[in-house]
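Here is the structure we will look at.
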Amino acid sequence: MTIEILKAMAKENQVFSFDQLYQKTHIKKEMLKVILFRMEEKGFIERIEKGKYLIIPLGSEKGKYTLHEFIIASYLVKPYALSYWSALHHYGFTEQIPSTVFVQTTARKKKSRMEIFGANYQIVRVKEDKFFGVRKEWIEDTRVSVTDKEKTIIDCLDKPHYAGGIIEIAKALRNSSLTYDKLREYALKLDNFAVVRRLGYLCEKMGLPIDLPPPRSNKYLLLDPTMPAKGTNDPKWRLLINQETISPESLE
């Protein structure tokens, strides 16, 4: 019975929920909980989070098999997009390997941070009008949603603490595969003047072709909110330059 249930679920997906299994089998829920507990004990499945399970292929060693972190992330919340530092690394924009998988969504989730099979996941909720610029990428044999290259940069400028700081973003900006018109469009669409200022300053510093409007406020913001508020003021972009190592030489 156990193998038959797993085979039926595996035809649809390697990850399934308690509710999906209930709809397919119509086994009483209390009995179904017992069946799932025994399946997990025998190493047939692994629980990803409450109510979600990964089917372990036959012959795999118990506790040793898992999916790529991006594939697991795709089952944690809907809608979703792999983003921030995770997307930077996916596109080869940073050599730093993030210790956390960042997932952007518009949905509410009780737990924003979790650990699954030894990997850390951070769920970042944004407003619906900030959830755009998403594309499909192949990870192993599965297509997952990832913010596109330009949206990744803009999101990181919006929340540098999810991207390893401004230096990692500056390195990514130098990539020749970026479309600067799209960067400008996304920066303005996000409607965050901090993003526009940071993007304008970095592009100007590195001689990158982008045309952005000047600040509308006289209030100074931090170039890098992950760093202490110490540095010099840039009057054009109304930024406190608290990360002084940004130069073409420092980004090699």
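Per-structure values
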| quantity | calculated |
| --- | --- |
| Matching option when the condition is basic (K, R) and surrounded by 19 or more Cβ atoms within 10 Å (Cβ to Cβ), among K171, K236, K182 | K171 |
| Options T142, T152: the member that is buried (at least 20 other Cβ atoms within 10 Å of the Cβ), in contact (Cβ under 8 Å) with a residue 12 or more places away in the chain and hydroxyl-bearing (S, T, Y) | T152 |
| Among the residues listed as I5, I27, I97, the single one being over 25 Å from I139 (Cβ atoms) and in a loop (DSSP other than H, G, I, E, B) | I27 |
| Inter-residue pairs, beta-carbon under 7 Å, first exposed (fewer than 15 other Cβ atoms within 10 Å of the Cβ) and in the stretch 26-49, second assigned to a helix (DSSP H, G or I) and among the hydroxyl-bearing types (S, T, Y), 6+ apart | K29/Y22 |
| Single condition S217 does not satisfy, out of (1) hydroxyl-bearing (S, T, Y); (2) part of a loop (DSSP other than H, G, I, E, B); (3) buried (at least 16 other Cβ atoms within 10 Å of the Cβ) | (3) |
| Positions within the stretch 125-168 being in a loop (DSSP other than H, G, I, E, B), touching a helix residue (DSSP H, G or I) at 6+ places or on another chain (Cβ under 8 Å) and over 14 Å from S83 (Cβ atoms), in sequence order | E140 |
| Which numbered condition G43 misses (of (1) outside the structural domain of L188 (by TED's automatic domain parsing); (2) not in a loop (DSSP other than H, G, I, E, B)) | (2) |
| Set K171, K182: member being at pLDDT below 90, in a helix (DSSP H, G or I), more than 13 Å from L82 (Cα to Cα) and not acidic (D, E) | K171 |
| Where K110 falls short, out of the listed (1) touching a residue at least 12 places away in the same chain (Cβ under 8 Å); (2) within 30 Å of N13 (Cα to Cα) | (1) |
| Residue check, P225 surrounded by 14 or more Cβ atoms within 10 Å (Cβ to Cβ) and assigned to a loop (DSSP other than H, G, I, E, B) | yes |
| The stretch 216-239 residues that are farther than 21 Å from E168 by Cα, paired with ones that are polar (S, T, N, Q) (beta carbon under 7 Å, 6 or more apart) | Y220/N233; R238/S217; R238/N218 |
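Let's see how each residue does on (1) outside any helix (DSSP H, G or I); (2) within 20 Å of K110 (Cβ to Cβ); (3) among the aliphatic types (A, V, I, L, M); (4) in contact with a Gly (Cβ under 8 Å, 6 or more places away or on another chain):
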{"site": "V34", "(1), (2), (3), (4)": "no, no, yes, no"}
{"site": "R38", "(1), (2), (3), (4)": "no, no, no, no"}
{"site": "L76", "(1), (2), (3), (4)": "yes, yes, yes, no"}
{"site": "P79", "(1), (2), (3), (4)": "yes, yes, no, no"}
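The values are calculated or read from the model by the stated rules, or taken from the named source; none is laboratory data. Computed from a predicted structure; not experimentally measured. Note that each Cβ is placed from the backbone with ideal geometry, even for glycine, and that neighbours are counted across all protein chains shown.
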